[in-house]
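The values are calculated or read from the model by the stated rules, or taken from the named source; none is laboratory data. Because the structure is predicted, anything quoted here is derived from the model rather than measured. Neighbour counts run over all protein chains shown; Cβ positions are idealised from the backbone, glycine included.
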Amino acid sequence: MKQKVVQTYEYARDHLKNSELHERDKRILEELCKSGVIRKVEDGYKTRKFVGLLPLYSKSVEILPKIFKNGSYYEDKKSMHISNRRMLLRILTFVNDLPIKESDVVGKNLEKNDFFEIMRYLFAKKLMDELQRGMNRSYETFEENELFLKGKLLILNNMRQNSLTKNKFYLCHDEFTEDNTLNRIFNYVVKNIVSSAGNLSRRYLIELSSAFSDVELEPDVIRNLNRVTLNRLNERFWPHFQMAKMFLGKQVPTVYSGKDVKTYNFLFDMEKLFESFVGMFLKKYKQSINSMIHDVRTQEPQKFGQLSIKPDVIIQLEKQIIVVDTKYTGVPTEEDSKNPHLYQIYTYCMRQKQHGAGKKVSGVLLYPKHLNEHEKVSIRNDLGPIHIGEGDADLSVTVYRRLLDLRIEDPQDFKNAFIRKFQEIFAEVIETD
């Protein structure tokens, strides 16, 4: 059955209606509800914070982030889909350090293909281009029972294996070969995504499958990811290894109920992606954002009494510490006293006060702007600074709530545009005295 691809958005108001779904679609969605990927409602299913491609039995659902929305930049849905795909691709490229340029995906590729097909195409084409320069080969250690001596004789193993067979030798030897750990990972990824490939990526994936014909297909390559070592012989494959890890980490198998048929979800948690993007960008471009920033640490485990905490970002300045906590939600509209985000960042800030050597500590709650109705947010919620514990220097903390607009109209200006955005966010937070 040829699948139709339907587009929707994270936290979409509309949803997948029961009346439009095959019974097998519903069984797949029921399983996904258990893991929190999809939310069940009265007459169907709604998307949550996950974006990417969700293949069902009768159709595939492409879930895009709603960075660009109707009423802001576009009235044309097709243009809006393309802009959201492009922005998601740019953020993923930055977070995962992928070998992708804007010129690699332009025009009709973005318009006619779903996001998973675009990622398959980029992985396959980039890897095939690199293999044209030469196959990845490395020295691998093998242990084998041979009829002739080569390499090193393993005496104890030889006694166990060949006590009754005097014409064989149990040996250990090194071989310069294509059948190495890194190529096995590439081969595994290629074999798993070629079956669902579209016209854009299929030709390159078939060529890759042929190129890796002498490489063993290892069924459990994930356990070998940490065994990959890059050196001067294979370091040129590092970006492609990053893409392979992304496929292995994001593909979740779904078995069609009643059939021994597997398809793969290719989904990203936007909450984690937002958190990673903010942390990595601040760390990489800290001096460009503000020359007073000495250090940026991300996801550093800490102890606060009996609590184990892990603030998203800690920014160190000479006389100040700024704790940034990212929240992939709209700004809460309830009273501040009931806002759990404030309790959390206040705890993080108190821990820094204990160990900050007298530095002033400030907190920043950072939200994505596109999840708010930004035109109305000033009416619903005052985003001015919140002063907690005023009157007691040991307990007082100022918490700033800020919105990060992820929209970039010119993709070529990605880096400089976000530097400017973060400069605006921290302009009031960083003290210059």
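What to note about this one:
- Criterion violated by Glu431 - all others in (1) loosely packed, with under 14 Cβ neighbours inside 10 Å; (2) over 15 Å from Lys369 (Cβ atoms); (3) assigned by TED's automatic domain parsing to the domain that holds His370 satisfied: (3)
- Residue in the range 22-42 that is in contact with a strand residue (DSSP E or B) (Cβ under 7 Å, 6 or more places away or on another chain), under 30 Å from Asp410 (Cα atoms), aliphatic (A, V, I, L, M) and surrounded by 20 or more Cβ atoms within 10 Å (Cβ to Cβ) present: no
- Considering Ser209, Ser276, Ser288, Ser213, the condition of being assigned to a loop (DSSP other than H, G, I, E, B), of a type in the set (Ser, Thr, Tyr) and either assigned by TED's automatic domain parsing to the domain that holds Arg48 or at pLDDT 90 or above (or both) is satisfied by Ser213 alone.
- Residue among Arg39, Arg48 that is touching a Cys at 6+ places or on another chain (Cβ under 9 Å) and at pLDDT 90 or above: Arg39
- Some residue of the range 17-24 being in contact (Cβ under 8 Å) with a residue 40 or more places away in the chain, charged (D, E, K, R) and assigned to a loop (DSSP other than H, G, I, E, B): no
- Subset of the range 166-218 [farther than 15 Å from Glu140 by Cα and touching a strand residue (DSSP E or B) at 6+ places or on another chain (Cβ under 6 Å)]: Lys168, Phe169, Tyr170
- Residues that are assigned to a helix (DSSP H, G or I) and within 19 Å of the chain's Cα centre (by Cα) within the range 112-123 comprise Phe115, Phe116, Glu117, Ile118, Met119, Arg120, Tyr121, Leu122, Phe123, listed in sequence order.
- Matching entry among Leu32, Leu64, Leu88 (being of a type in the set (A, V, I, L, M) and under 22 Å from Ala124 (Cα atoms)): Leu88
- All positions within the range 94-111 that are farther than 20 Å from His370 by Cα and assigned to a helix (DSSP H, G or I): Asn96, Glu102, Ser103, Asp104, Lys108, Asn109, Leu110, Glu111
- Subset of the range 43-66 that is more than 10 Å from Tyr11 (Cα to Cα) and among the polar types (S, T, N, Q) - its residue that is surrounded by the most Cβ atoms within 10 Å (Cβ to Cβ): Ser60
- Of the residues making up the range 25-56, those that are assigned to a strand (DSSP E or B), over 21 Å from the mean Cα position of the chain (by Cα) and not aliphatic (A, V, I, L, M) are Arg39, Lys40, Gly44, Tyr45, Lys46.
A quick yes/no check of all residues on (1) exposed (fewer than 15 other Cβ atoms within 10 Å of the Cβ); (2) on the phi < 0 side of the Ramachandran plot; (3) acidic (Asp, Glu); (4) in a strand (DSSP E or B):
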site	(1), (2), (3), (4)
Leu282	no, yes, no, no
Asp295	yes, yes, yes, yes
Glu300	yes, yes, yes, no
Ser308	yes, yes, no, yes
Ile314	no, yes, no, yes
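- Identity of the residue in the range 1-45, of a type in the set (S, T, N, Q) and in contact with a helix residue (DSSP H, G or I) (Cβ under 8 Å, 6 or more places away or on another chain), that ends up farthest from Leu110 (Cα to Cα): Asn18
- Answer residue from the range 139-196, given it is modelled with pLDDT under 80 and acidic (Asp, Glu) and is farthest from Asn265 (Cα to Cα) among those: Glu146
- Test for Val397: is it among the aliphatic types (A, V, I, L, M), at pLDDT 90 or above, buried (at least 17 other Cβ atoms within 10 Å of the Cβ) and in contact with a Phe, Trp or Tyr (Cβ under 7 Å, 6 or more places away or on another chain): yes
- Number of the condition not met by Tyr343 [criteria: (1) at pLDDT 80 or above; (2) hydroxyl-bearing (Ser, Thr, Tyr); (3) in a loop (DSSP other than H, G, I, E, B); (4) more than 22 Å from the chain's Cα centre (by Cα)]: (3)
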